[in-house]
Amino acid sequence: MSIARRYALLGIAGLFVLQFLWHGVLLPPDRAPAWLVAGAFALPMLPAAILALLRHPQAGFWGSVAALLYFCHGVMEAWTDPQARPLAWLEAGLSVWLIVCASWDGMKARFARKAKA
């Protein structure tokens, strides 16, 4: 397993755990049960987390797909909610981290092929 893939798996775990910490513990919602909101926000990363636990090679790809949603959510929250701004930027940063790490091996192989030609 490459170091980029390991970092991608850490990004998947980080985003998954962040949703429970953010919406369940640190800034729970006022009008809904915290466990329900935290579970709903963690749901997009659940398939990637399961694939990561199974050591499936597609875990990084599916985590990156979900990270696109989390990136949009993080930027939106950072601009609209001053109280959640640090957590929102953390979410956006982890999303970018995951996308770059999951794509790294493929980009490296592609550019190596171009350099040979």
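Carbon and sulfur together cover what percent of the accessible area of the chain at a 1.4 Å probe radius?
Working: 5400 of 7510 Å².
With neighbouring chains kept in place, the figure for the chain is 72 percent.
Within the chain, helices built from complete DSSP H runs that reach 27 Å or longer along their own axis (Cα positions) and carry a mean Kyte-Doolittle hydropathy of 0.0 or higher are 59-80, 85-116.
For residue 43 and residue 115, FRET efficiency with R0 = 30 Å and r from the beta-carbon atoms, rounded to 0.05?
On the way: r = 41 Å, r/R0 = 1.37.
E between residue 115 and residue 43, to the nearest 0.05, is 0.15.
Among 61, 16, the sequence by solvent-accessible area, most first, with a 1.4 Å probe is 61, 16.
Taking the square roots of 5 times each eigenvalue of the Cα gyration tensor of the chain, largest first, gives ellipsoid semi-axes of 30, 16, 9 Å.
Estimate the FRET efficiency between residue 69 and residue 34 by the formula 1/(1 + (r/R0)^6), using the beta-carbon distance for r and 22 Å for R0, to the nearest 0.05. Present the calculation step by step, with values, prior to reporting the outcome.
On the way: r = 20 Å, r/R0 = 0.93.
Efficiency for this residue pair is about 0.60.
Residue 9 sits with roughly 40 Å² accessible to a 1.4 Å probe, with DNA, RNA and ligands left out of the calculation.
The values are calculated or read from the model by the stated rules, or taken from the named source; none is laboratory data. Since the model is a prediction, treat every value here as computed from it, not as a measurement. Glycine gets a Cβ as well: all are built from the backbone with ideal geometry, and neighbour counts include every protein chain shown. Side chains included, ligands, DNA and RNA excluded: accessible areas come from the protein's heavy atoms. Shrake-Rupley method; radii C 1.70, N 1.55, O 1.52, S 1.80 Å.
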